[in-house]
Every structure is written in structure tokens, then in C-alpha cells.
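Here's the structure we're looking at; comments come further down.
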Amino acid sequence: MNRKPDYLTHAVLALGVVLFALPVWLVLAGSTQESEAITRGDLSLIPHLSGLPRYWQVLTEGTRGAEPVWHMLAISSAMALCIALGKITISILSAYAVVFFRFPLRKLAFWSIFVTLMLPVEVRIIPTYSVMAQFGLINTFTGLWVPLIASATATLLFRQVFVAIPDELVEAARMDGAGPLRFLRDIVIPVSGANIAALFVILFVYGWNQYLWPLLVATDPSLDTIVIGLVKMIGIDSDTDWAAVMATAVMALLPPVAVVVLMQRWFVAGLTEGEK
Amino acid sequence: MDRRTVFGGWLLPVLLVLPQLLLTGFFFYWPAGEAVWSSMTSQDAFGEGVRFVGWDNFAELLADPLYLESAVRTVVFCGAVSILAMGLALALAVFADREVRGRHAYRTLLIWPYAVAPAMSAVLLLFVLDPRVGLLGRWLNRMGLDWDYHLNGNQALLMVVMASAWKQVSYNFIFFLAGLQSIPRAVTEAARMDGAKGWHRFRTITVPLLAPTTFFLLVVNLVYAAFDTFGTINALTHGGPGKDTETLVLKVFRDGVVNQDIGSSSAQSVILMLGVIALTAVQFRFLGRRTET
């Protein structure tokens, strides 16, 4: 093996790292500077520590025409958590039913869930809106997350995991007199821990990053997620408070990036095993 | 594949599967059915009246040059985003697969953008490439290049392609790297001993073994570019200037939500649904063994 450092590899990888990090660094540095300077194009690449109080101000008061950032962060967090936990819960339950029981129309139930794998939200925007209106879910927090938790992908994933649980384990549990719900709680959920963790990361990010859906069903500014709020802020034509926009962007990025980085090991394994 | 051992009873499993079925019914099948129905109706200009018009909405769309333009634009856009995002990711994955110092740090630093929302990637790239506040954007203009994606349609298209691809590289990187790591060392070592040089080895060993991953990613990237980029494009250009960056999803949104033309918008939704179903079917046809257990 050669001992010489592989300069080409380092160069290519470092270039990739910079490609991703540069915009974030710009935003981070800009968030601590004066908006007038940014508008003039005098953005310095070195953050000014004196600008840090802006974060507190944006967090508690927000900027012109927008909700305070803490409120938008709260909506986004609640929405992402409800979507992730909701999807995981109902997918575990339905996959458990399909794998561990024989009931009438089992195959039909499975297939009717499976087929929806092919229908992203974006292709059924308008009709879903009219269904939502009939349920009175427009401009409600429930409307933000409940319709998004049906999941063919998660059901399929858990089905794969459950099918692989050895028959001996089920027989042993039945011999011990454990009912199906105890078996689910004491055996099935613990052995699926790694898959649940991986799926949680994927779904939390999915929930946090929703844009079209909240744009459609929640026009009330008090339900603005951080992503919606941020896009609204850059949409103002003149006099944009760029430093505030940048501080908001940093705070919008932090939670999902933290979840991905901290749970990277489970997340990467789960993503590539389950395929999507 | 089915289990041998199962629990008895039918009431409990039905209750367990019910929440998923109800949600699927209310928020997938009902809207999908309504889309198909609305696509064959037309609303009178002022009244409540809804007429059944059969295939008229579809015929109108397929004869509408604006719709066809948007369709062609979407195909070009999706192709460009997929090629750019997959090419960059493959290059990075090949190097990240090598034994270098700090490779775990490199991986983390290349994976984190997975967490960035499509709409957020628009905001981030704006600060790099906006002609007035962006670092590179201003520099390009100082260098005498007339760069303003708010006014120039081609530049706008380039801008939304870059912003959309930027965000997707990480996802592809994760899959390419996993694919590369699953190639047995023995295979590459054998090729090395046979004297196959770097590029030749890559072309004859790595590329064929990565083919299933590549195909899977191609479908995922096309679907991503067609649908998930709504946020990116809407935040950057709103489909403009003019309609130069208006993809099919933006058009559905504009016609349905903004202009309230329910019939035409539903017909467009139905066409998009057929497109997704076709793509998914192709994927299952060729990758069936990998995705189905």
C-alpha cells in the first residue's frame, strides 16, 4: 500500500464539501451583518459577533410581515413530529395486521395501500383541497399533518421487516400465552428499533420540508411553517431585511440537519436497505 | 412471501389496518377519483353549473401549445437535474469510497444537505447567485457577464436546475456509495491484478455492477425533479420570467389554485398521475426482484 496521501481524492472531496458548505457559510456570515451592507453587496465572509443579538430579535419578534420565528419553528416541529410519529404508528399497525393475521380481504387491503405508492401529493393538489374543505380541515393544524400520514412506503418497509421475524419466535410467544398485542409490544417493536429510528429521520425531514401542502391548506399566517415563512420573506420585492432572512434561514436549517447528522448511522443504513 | 405461523381472529387485524385504509381512502382514492371526474367536466363562467364534457379538457390540453411547451420544458428540466445530480454524486462517491484519512468526516459533510428542504435550497443558492445580493452573481456581473435570472429565461432555467440538483446530490451520493461498498473487494482486486487501470476498471467492473442502483436513482431523480422541485422553482422564479421556468406541476398549481380552472387543472393532474404510474411500473418491471420480497 502506498503511504503517500491521495491528493486527488482529498481535492475532489474537499471541492464537494465546499460546494455544499459555501451557501450555508454565506448565510451564516450574512446573518450577523447589516442588511444595508448586504444590499450594497458588501457582504463579508467573516461573521461579526456584534450581530448575534439579531437572532434573539428575529426569534422573538420576527420581521416585517412575518410571524415571530419561534412560532414558525414550533409549527414546523409539531408538524414534523406528528407526521413522523403518525406515519410510523399507523404503518406498524397495518403491516402487523397484514403479516401476522389472516383476515377477509387481507390481500385487497394490502394492495390498495401499496398502489398509493405511485401518487405523490403534488399530482392531486386540487381535488385533495376540495376533500379537505368538506372535512373542514382548511386552516387547521390537523389539516397540516393528518392527510400526510398515510404511507405505502413505510407499510412496505415494516412488512419486509416483520416477514423476516423467525416463526420460532412467534410460536414461543404463543406457547407462553402472549397475545398478539403483547407480542407486538414486547418483541416486534423492539426488534424493529433500528428501522424505526431510520424511518424517523427520513420522515422528520420529509415533514419539516413540506412546502406545497401547507401553502395550499393553511393560508392563515398563524399556521406558517418556517419554510413557508422564509419563502414569503424573500418574496418581498423591495427593502428585504436580508440579515433577518439569513438568520431565519440558519434556524430553519438547524433542526433537520441536526437530526440527519446525529442519527446518520441508522439513517444511511435504513435508507439504502429499504430503498427510499 | 407469507408467514407460516399467524395469530387467530379477524376483528383485531381489521381494527389495526383500518386507520391506514381510512386515510388512504380519504386522501388518496377519493381525491384521485374526484380528479378523474372533474377532468371530464367544465364549469360555467359564472354559475354553479357543472357540465360533463368527456375528453374535451384532455383534447384541449393536447392541442394547447402552451401546455406542450410546458411539457417539453419539464422533460428537459428533469433530464438536466437528474444528470447533474447523479453525475456529481457518482464522482464524489467514487472518491469517498477510497481509503483516505478523514473519510468519515467527508461523508458527513457530503450527506447533510439531504436535510435541506427544496424551497430552502432556493433560498441558499439565492445568496450565492442572485445578481444583486449573491456573492457569485455580483462577481459575474462585475466580470461583464450579463447575469440576471430574474430577466433572462435561459439563465432562470439554469438557475432552477442548479438549485434543484444541488439539493439532490446527497441522496444520490448515499446510494452510490452504498452500491460501491457492496462491490466485493475480491472483484476489484482481481481486476487490478489482471492489470486493469483505474478508468478501465471503473468502466468494465464498477459501471455494470452499479447499473441497478443507477436505474433506481434515475427513476427517483426524475420523480423528484418533476414534483418535489415545486418549492424550489416557486421560491426562486415563480415560474418566470414569463413562463420560462413553469414546469407541469407549477402549471397545475397556477391553473387550479390561482386561476380556478378546475376542469383543466384536474385533467393535468390526471396526466401527471399516469406519468408517475408509468415510471413506477417501469421501475418495478426492471427492479422487481430488488424491491419486492
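One table, with the values for the structure above:
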| quantity | calculated |
| --- | --- |
| Ordering of A:203-215, B:71-83, B:171-183 by burial proxy (mean other Cβ atoms within 10 Å per residue, highest first) | A:203-215, B:171-183, B:71-83 |
| Nearby aspartates and glutamates by direct alpha-carbon distance to B:Lys197 (threshold 19 angstrom, same-chain neighbours under 8 apart not counted) | A:Asp6, B:Asp97, B:Glu99, B:Glu189 |
| Accessible area buried between chains B and A, both sides summed, probe 1.4 Å, in Å² to nearest 100 | 9300 |
| A:Glu36/B:Asn152 FRET efficiency (R0 25 Å; Cβ-Cβ; nearest 0.05) | 0.35 |
| Extended-chain gain in nm, criterion 0.36 nm per residue less alpha-carbon gap, A:Arg174 and A:Leu105 | 22.4 nm |
| Helix runs (DSSP H) in chain A reaching 18 Å along axis by Cα, Kyte-Doolittle at least -1.0 | A:7-30, A:69-100, A:193-208, A:242-262 |
| Computed magnitude of the charge dipole of the protein assembly as shown (debye, nearest 20; Cβ of K, R +1, Cβ of D, E -1) | 2100 |
| Cut-off 12 Å between beta-carbons: net charge of the residues surrounding B:Tyr149, Lys and Arg +1, Asp and Glu -1 | -3 |
| Chain lengthening between A:Ala78 and A:Gln57 when straightened (0.36 nm per residue, less Cα-Cα) | 5.3 nm |
| Peptide-level mean, for B:127-135, of C-beta atoms on other protein chains within 10 Å | 6 |
| Per-residue average of Cβ from other chains inside 10 Å of B:254-265 | 2 |
| R0 of 51 Å, Cβ-Cβ distance A:Leu85-A:Leu49: FRET efficiency to nearest 0.05 | 0.85 |
| Per-residue mean of C-beta atoms belonging to partner chains within 10 Å, peptide B:189-201 | 0 |
| At R0 = 51 Å, FRET efficiency that the Cβ-Cβ distance of B:Gln260 and A:Val191 yields, to 0.05 | 0.50 |
| Chain B: relative contact order as a whole-number percent, Cα under 8 Å and 6+ apart | 27 |
| Mean separation of Cα contacts under 8 Å (6+ apart) over length of chain A, as relative contact order % | 31 |
| Computed helical MRE - 222 nm, the protein assembly as shown, DSSP H runs ≥ 4 contributing -39500 (n - 2.57), nearest 500 | -21000 deg cm²/dmol |
| DSSP H segments from chain B that extend 27 Å or more along their own axis, Cα-based, with Kyte-Doolittle mean of 0.5 or above | B:65-96, B:153-181, B:262-291 |
| Average accessible surface area per residue within segment B:1-120, 1.4 Å rolling probe, Å² | 52 |
| Cross-link pairs A:Lys232/B:Lys251; A:Lys107/B:Lys167; A:Lys87/A:Lys107; A:Lys232/B:Lys243 - those with Cα-Cα distance over 30 Å | A:Lys107/B:Lys167 |
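The values are calculated or read from the model by the stated rules, or taken from the named source; none is laboratory data. Here the structure is a predicted model, which means the values were calculated and not measured. In this analysis, Cβ positions are derived from the backbone assuming ideal geometry, glycine residues included, and neighbour counts consider all displayed protein chains. Calculation scope for accessible area: heavy atoms of the full protein, side chains included, ligands and nucleic acids excluded. Shrake-Rupley method; radii C 1.70, N 1.55, O 1.52, S 1.80 Å.
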